[in-house]
Amino acid sequence: MPLDLSTNYGGLLLRSPIVVGACPLTFNTQNRIAIENAGAGAVVLPSLLEEHIIAWKAKQGHALSSRDLNRIDPANPATHDAMAADVETYLSIVNRASVQSSIPVIASLNGETDGDWLDFAGELQAAGADAIELNVHHRPLCEYDAPRDVEDNVVNLARTLRASITVPLFVKLHREYTSVSHLARRLLSGVQGLVLYARDPHLDIVLDNCQLRSDWGLSQPSAISGTLAGLLSVYGSCPAISLAGGGGISGCEDLIKVLLAGADVGMVVSAVYREGPDIIRSMLAGLTMYMEQQQLRTLNELQAKRPLEFSSQEERRNCINGLSSQSAFEGYNASAPTIRGDRWGHPL
């Protein structure tokens, strides 16, 4: 009996637990075909922006608020470099992808305010999207009265969008919430799944001119430690919600770890950029080999082996060991010069 790598991601039955996340690659027909042939379970299209939809509504004769008018002001370049030039282009891409693909196609929306622009999700469903992924862009924290307001904004956005569609809704969360597990429980009644986590730019300071700079580089390989912690926490407190884990999945071991941590799928982007769609085949081959070694036939059986989180006492003990143990640093940077000091610890 062959292994069954199919998985249920928020109501979508996928043939494999690999989803290629929102990125420019998935906007291209040939790339999508190659990704599908490599064995991916689904693809997420790049985001359609809130600004695009406001501009489209203006052309349809809808009345706009002063804030909406500022959003589509010609001086605001927010949409100039977006993948889709306008709503019509995006809808045609969604329709073409859904017709050409035998795997689910997930459309993506990116915005920050609760408003009637979210109703446009119904148009994406009508164009053929099998699900909608909402990537919430948060305003600067100084514009909120309290930390709770940030989470309230996410819940309100999801509730408004949910009312306009019948296909699954996934919300892509960021890392900065006070409690992702608590937010997951609040979202449980309105969304079918969560993506942990949304990509954020790397912030840097240019020393030549003392200006800020944002870099959108690829995720570092195997940088999944933070994602594993988030998955374990959310799955442990809210096992009913479907999860996608991403951010540094570069090989089959990373994929297996996120599945064991609580994810139904691994969200892969950077690895495909580095190595092409064939990395999907390699990950699935590695997952198959691991399951055969563990005598597992389905992903449900793999999920049954998920470890529990550390208890509070174990977490405290691990923290103390890390702060006080010398063994973790033995042999590290052994070629560095030895620091010599007097009996009070002052360098000589």
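A short reminder: the numbers here are calculations on the coordinates, not readings from a lab. Just so we're clear, the structure is a prediction, and the values are computed from it rather than from any experiment. Positions of Cβ are backbone-derived with ideal geometry, glycine not excepted, and every protein chain shown enters the neighbour counts.
Assorted remarks:
- Think of region 7-329 as a dipole: +1 on every Lys or Arg Cβ, -1 on every Asp or Glu Cβ, centred on the Cα centre; then among Asn110, Leu183, Leu299, Leu299 lies furthest on the positive end.
- Around His202: net Lys/Arg minus Asp/Glu count, Cβ-Cβ under 14 Å: 0
- Whole-Å distance, taken between Cα centres, linking region 227-269 and region 181-226: 15 Å
- Annotation note: GluC sites (Glu not before Pro) in region 128-214 located in DSSP loop regions with a Cβ neighbour count of at most 16 within 10 Å are Glu176.
- Kirkwood Rh, Cα atoms: Rg over Rh of region 7-329: 0.98
- Sorted by Cβ density within 10 Å, fewest first, the residues Ile279, Ile205: Ile205, Ile279
- Each Lys and Arg adds +1 at its Cβ and each Asp and Glu adds -1 at its Cβ; summed about the Cα centre, region 108-255 shows a dipole of about 440 debye.
- Footprinting exposure proxy ranking of Met267, Met291, fewest other C-beta atoms within 10 angstrom first, gives Met291, Met267.
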